[in-house]
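The values are calculated or read from the model by the stated rules, or taken from the named source; none is laboratory data. Quick caveat: nothing in here was measured; it's all calculated off a predicted structure. Using ideal geometry, Cβ is built from the backbone for each residue, glycine included, and neighbour counts are taken over all protein chains shown. Surface areas here come from the heavy atoms of the whole protein model, side chains and all, with no ligands, DNA or RNA. Shrake-Rupley method; radii C 1.70, N 1.55, O 1.52, S 1.80 Å.
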Amino acid sequence: MSETLSAQPSAQTVAENVYRSIKSDLLSGALPPGSALLTRDLLARYDCGISPLREALARLVGEQFLEAASHRGVRVPRPSISDVEDVYRIRIALEREALGLALQCGDDDWEADIIATCHRMEKAPLPYHVADQPSAVMEWEARHRAFHFSLIKAAPSPRLLRLIDQMVDQTERYRALRLSGMDRAKLGHDLVAEHRSLMEMVLARDPASLDFLAAHLDRTRIAVSAILREGAAP
């Protein structure tokens, strides 16, 4: 009896799994912006009980991945220019600060990890047909995120790194919008060249890498804001 009970996942584990599943669907676009998510539909989709679902939704509302719509459910926020501007401004400031600290404190292992994650990112090129290859896009995004984290992970500030991780989550919400309507072949080529240049500057401990990183992130802000201004948001 005790073995059976111990094999059952705890309520906290179930809530965490539901949270991660919903968050993954939000980041991948499986739950599109503007969609209303009714409690009964979420219970069926994630095959869970009401308590872990409520806990997961409360976390996601608190992290601004969802908006409370009514007593019946929640809503996926629509993208807005003001939000894009806000999250990228914060992310750029934090990531720039972390890179400056990493340049001072990084060791050989830090450098090796940067090289390895850059190589892995280049081995998973951005797919040309994003809509038809969601898993490939998510794999590229995971490797892209790992590369960016490798640049700053030597910063001796766990709190700063946690804040950056939260802001990266917020910018990842714009994945589909960021990639829509772009020439994937050119974008892929440009990203490889840009990330390699960033890697080389960081490995050389070049202070100019701080501005290069900021400009690199800001290009995405500009592109997404332009799409929203043109009314191309879904």
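Listing for the model above:
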quantity	calculated
E16 versus R162: modelled label distance in nm, points set 7 Å from Cα along the beta carbon direction	1.5 nm
Distance in nm between pseudo-label sites at A193 and A136 (7 Å out along the Cβ direction from Cα)	2.2 nm
Area of V168 that stays accessible when all protein chains are in place (1.4 Å probe, Å², to 10)	10 Å²
Length released on extending from R78 to A146, taking residue separation times 0.36 nm less the Cα-Cα span	21.8 nm
Length released on extending from D107 to A215, taking residue separation times 0.36 nm less the Cα-Cα span	36.4 nm
